[in-house]
1. Can you compute 3J(HN,Hα) from phi for each residue in segment 70-81, using the Karplus curve 6.51 cos²θ - 1.76 cosθ + 1.60 with θ = phi - 60°, rounded to whole Hz and x for Gly and Pro?
2. Give me the percent of the accessible area of the chain that comes from carbon and sulfur atoms, probe 1.4 Å, all protein chains in place.
3. Would you calculate the volume per residue, in Å³, of the smallest convex hull containing every Cα atom of segment 43-115?
4. Residue 86: which aspartates and glutamates have alpha carbons under 15 Å from its alpha carbon, excluding same-chain residues fewer than 8 sequence positions away?
5. Measuring with a 1.4 Å probe in the full set of protein chains, what accessible area per residue, in whole Å², belongs to the chain?
6. Within segment 59-95, name every residue whose backbone N is under 14 Å away from a label modeled 7 Å from Cα of residue 5 along the Cβ vector.
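The values are calculated or read from the model by the stated rules, or taken from the named source; none is laboratory data. In this text, all values refer to a predicted model and were calculated from it rather than measured experimentally. As a convention, Cβ positions derive from the backbone with ideal geometry for all residues, glycine included, and neighbour counts pool all protein chains shown. Calculation scope for accessible area: heavy atoms of the full protein, side chains included, ligands and nucleic acids excluded. Shrake-Rupley method; radii C 1.70, N 1.55, O 1.52, S 1.80 Å.
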Amino acid sequence: QVQLVESGGGLVQAGGSLRLSCATSVNIISFYHMGWYRQAPGKQRELVARITNSDSTNYADSVKGRFTISKDNAKNTVSLQMNSLKPEDTAVYYCNGFRFTGDYWGRGTQVTVSS
């Protein structure tokens, strides 16, 4: 059974930093790509950052230069380092992974940035 479990959300002031982590229950290299999405109240879920199994990355324009996605194959984790946070970054952040058996989601972790 494939499970993705996020951690690291919380409340932070604008300009601060948070690091999100996502642990996978299966070997992380079995995923073609993994990513972080977010959903703010009343808005659609959007891609924040993605990393492929060859470590190629892409980011939403709104987070470029502030967020960094990384992967630790030994620990089966994918992380999102978020710096210079803004109130508009407030959302539930979801870990996502796509492998040959399907598309998988974590339950989400709340990130709240106060002004």
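1. Karplus-based 3J(HN,Hα) across segment 70-81 equals 8, 9, 10, 5, 5, 9, 6, 10, 10, 10, 10, 8 Hz.
2. 47 percent
3. Taking only Cα atoms, segment 43-115 has a hull volume of 114 Å³ per residue.
4. Cross-link targets: 61.
5. 53 Å²
6. In segment 59-95, the label zone of residue 5 (backbone N under 14 Å from the point 7 Å along Cα→Cβ) covers 76-78.
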